[in-house]
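One structure is given below, encoded as structure tokens.
The values are calculated or read from the model by the stated rules, or taken from the named source; none is laboratory data. As the structure is a prediction and not an experimental result, all values here were calculated from the model. When we count neighbours, we look across all protein chains shown, and the Cβ atoms used for this are built from the backbone with ideal geometry, even at glycine. Please note that ligands, DNA and RNA were not included when accessible areas were found on the heavy atoms of the full protein model with its side chains. Shrake-Rupley method; radii C 1.70, N 1.55, O 1.52, S 1.80 Å.
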Amino acid sequence: MSKQTYKVGFFFRRQFTMAAAEAPADIKNLFNRYSDDSGVMSVQNLHRFLIEIQKEKNASLENAEAIINNHGGDSNQKGLQLDGFFKSLFSDVNPPLDPKLGIHHDMTAPLSHYYIYTGHNSYLTGNQLSSDCSDVPIIQALQRSVRVIELDIWPNSDKDDIEVLHGRTLTAPVALIKCLRSIKEHAFSASEYPVVITLEDHLTPDLQEKVAEMITQTFGDMLFSPSESLKELPSPESLRKRVMISTKPPKEYLQSKEVKEKDDTKKEAEQDDVDEEEDEDESDEEDPKLEKKAASEYKRLIAIHAGKGKGGLSDWLRVDLNKVRRLSLSEPELEKAVDTHAKEIIRFTQQNLLRIYPKGIRVDSSNYDPFVGWMHGAQMIAFNMQGYGRSLWLMHGMFRANGGCGYVKKPDLLLKAGPNNEVFNPTANLPVKTTLKVTVYMGDGWDKDFDQTHFDTYSPPDFYTKLGIAGVPADEVKKRTKTIDDNWIPSWDEQFEFPLTVPELALLRIKVLDYNLSDKDEFAGQTCLPVAELRQGIRAVPLYDRKGEKYSSVKLLMRFEFI
């Protein structure tokens, strides 16, 4: 027991007793069930607990012995007492996702069969209009296993070199060569699976040739550049430690007065949406007359061709059995497309790559709901990695799966047609496949990671936990615990059930807040977890700050069961 004193006015003080974290009633009952009359849980009984309650079917007696050695206290007792049992459950070595699982998805399928961790304007340090461009956010993204890096490339002021910047804004540029060298150095620091560089190209043919030289010299044998257009995308496994370029095939840089006037008119029309000019608004059908003067070396480097068809959405989504490609749609374009062409999108993404990027009015670098794209098979949901908030937390959660390697295999329901050639319908009324039962026991660690008055000047915090499922519309739901007043170690001990129709696409969202009567409730930690990889049993769930950095001490004790 300890005491905390808070000032209330000039003369008055309030004192609060801080008790040490205590095992919840359910933990005590389980301990009693698996311990002997002397209050000790033996190696054999702990082994039974790991198999029966924790559902660790491969647990060994050696695993149980290791837990006892770390938390047993008195070495003569050959077992765990209640305190040691509780600490073992609430320790960092008992996370909700199994670290031993590692990369376990089949990595030999074509790239189109995977969700790929994708950045948008990967070089920006802040907002889309006036922040600096730098290789630092690129490095940070790669260290998080982001596998798709976007670079907007423009001529410098002297028209003799290439810079990376967000065009027609006040963003300060960074040299392309610096970005390329940083990508080479850090590309595989967190994952050995391929990195795709998407180029948004605003260059003349001579500068395109210069880019080709830079890329070739920088990456050398790391570069994957097929000699002809791909009929099928290669697999992540076959591309380990390789770098791929994806952009539109180059065309002659036209500078005639008529074209310039046409472009100026187009730019004026796009002022309301500064990003909408960035992606493939040209046909991917190449004009032979223009190709003669196009940058040939540059073209040869392109592993994944990008482009839209000449027609409308149906043409954009056409499937060519002899050629794969990447299509980019803006966030609003996708929302319209799923209303009218949902089946075509899913069929397209079974063979080709679909990239979605934020609408241009997101000048604050905010993000959008990634599930609109994921539910329809889109592999590259391009996010502003500096745009902290709920959407980015979902992105972090999705890519905690499969060992955090940046590639997550899409569910079979998005990859295969049904018996009558029908495809998955995310809005269909499907039967419940499983129900996730979640018990929120308690939380701890805030008093170690935060100042005494961080949440409230006059008293300890009033914590509550919000839980929810992100996934297909039928599975989305939000719930919350009661509020525990004036306590740094809140004990909720509440159960929730989440019926799931498509658990393969579900993420469990968890957020803790400090309740404020007169102001906005204050953030106290969050995490998102892929439901398909949750370990059953009682787990210590670490929480993260707004940026997605893990707190040193803050975690929740929770139980997960599939019923």
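Quick look at the values:
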| quantity | calculated |
| --- | --- |
| Accessible surface of E344 - all protein chains present, 1.4 Å probe, nearest 10 Å² | 80 Å² |
| Accessible surface of the chain [probe 1.4 Å, protein heavy atoms]: carbon and sulfur percent | 48 percent |
| Total formal charge among the other residues, if their Cβ is under 12 angstrom from that of K87, Lys/Arg +1 and Asp/Glu -1 | -4 |
| 15 Å beta-carbon shell around D158, net charge (K/R +1, D/E -1) | -2 |
| Derived scalar couplings ³J(HN,Hα) [the range 187-201; Karplus, 6.51 cos²θ - 1.76 cosθ + 1.60; whole Hz; x for Gly, Pro] | 3, 10, 6, 10, 8, 8, 7, x, 9, 9, 9, 8, 9, 9, 9 |
| Rounded tilt (10° steps) of 176-186 against the dominant C-alpha axis of the chain | 40 degrees |
| Size of the range 146-246 as Cα extents on the principal axes (Å, biggest first) | 41, 30, 22 |
| Residue-by-residue Karplus 3J(HN,Hα) for the range 441-456, coefficients 6.51, -1.76, 1.60, Hz, glycine and proline x | 7, 6, x, 7, x, 5, 5, 8, 9, 10, 5, 4, 9, 4, 8, 8 |
| Placed amide H near M442: partners under 5 Å, 5+ positions off or other chain | W492, D493, L557 |
| Charge dipole magnitude, Cβ of K and R +1, D and E -1 - the chain, Cα centre, debye nearest 20 | 1360 debye |
| Pairwise Cα inverse-distance average, inverted: Kirkwood Rh of the range 294-398 (Å) | 14.8 Å |
| Shape parameters for the range 50-101, alpha-carbon atoms, Rg then Dmax in Å | 11.3, 34 |
| Convex hull projection area averaged over all views, the chain, Cα basis, nm² | 31.0 nm² |
| Residues whose placed amide H lies under 5 Å from that of I381, excluding near-sequence neighbours | I116, T118, I356 |
| Placed amide H near D132: partners under 5 Å, 5+ positions off or other chain | T125, G126, A172 |
| Accessible area of E333 in the full protein assembly, 1.4 Å probe (Å², nearest 10) | 60 Å² |
| Reciprocal mean inverse distance between Cα atoms of the range 426-505 - Kirkwood radius, Å | 14.7 Å |
| Note, ³J(HN,Hα) from phi for the range 164-169, Karplus 6.51, -1.76, 1.60, rounded to Hz, x at Gly and Pro | 10, 6, 8, x, 6, 10 |
| Over 24 Å between alpha carbons, listed pairs K231/K336; K55/K482; K87/K479; K100/K409; K433/K478; K55/K550 | K231/K336; K55/K482; K87/K479; K55/K550 |
| Rg [Å, one decimal], Dmax [Å, integer] - the range 454-563, C-alpha atoms | 14.6, 46 |
| Acute angle (nearest 10 degrees) that the helix 43-52 long axis makes with the longest principal axis of the chain, alpha-carbon atoms | 50 degrees |
| Loop sites in the range 1-60: trypsin sites (Lys or Arg not before Pro), DSSP, at most 15 other Cβ within 10 Å | K55, K57 |
| Mean Cβ neighbour count within 10 Å, used as a protection proxy, ranking 149-155, 230-236, 213-219, 120-126 highest first | 120-126, 149-155, 230-236, 213-219 |
| Calculated log₁₀ intensity ratio I(q)/I(0) where the Debye formula runs over C-alpha points of the range 363-438, q = 0.20 Å⁻¹ | -1.06 |
| Solvent-accessible surface (1.4 angstrom probe) belonging to F399, in square angstrom, nearest 10 | 10 Å² |
| Folded to 0 to 90 degrees: helix 331-340 orientation relative to the chain principal axis, Cα | 90 degrees |
| Mean Cβ count within 10 Å, highest first, over the residues of peptides 499-508, 164-173 | 499-508, 164-173 |
| Residues of the chain: accessible area per residue with a 1.4 Å probe, Å² | 45 Å² |
| Ranked packing of 320-332, 372-384, most packed first, by mean Cβ within 10 Å | 372-384, 320-332 |
| Global geometry of the range 341-467, whether rounded, prolate or oblate, following the gyration tensor of its Cα atoms and the 1.5 cut on a/c | prolate |
| Listed residues S246, S391 arranged by accessible area, highest first, probe 1.4 Å | S391, S246 |
| Quarter of the Cα convex hull surface for the range 13-157, i.e. its orientation-mean projected area (nm²) | 18.2 nm² |
| Computed magnitude of the charge dipole of the range 132-205 (debye, nearest 20; Cβ of K, R +1, Cβ of D, E -1) | 240 debye |
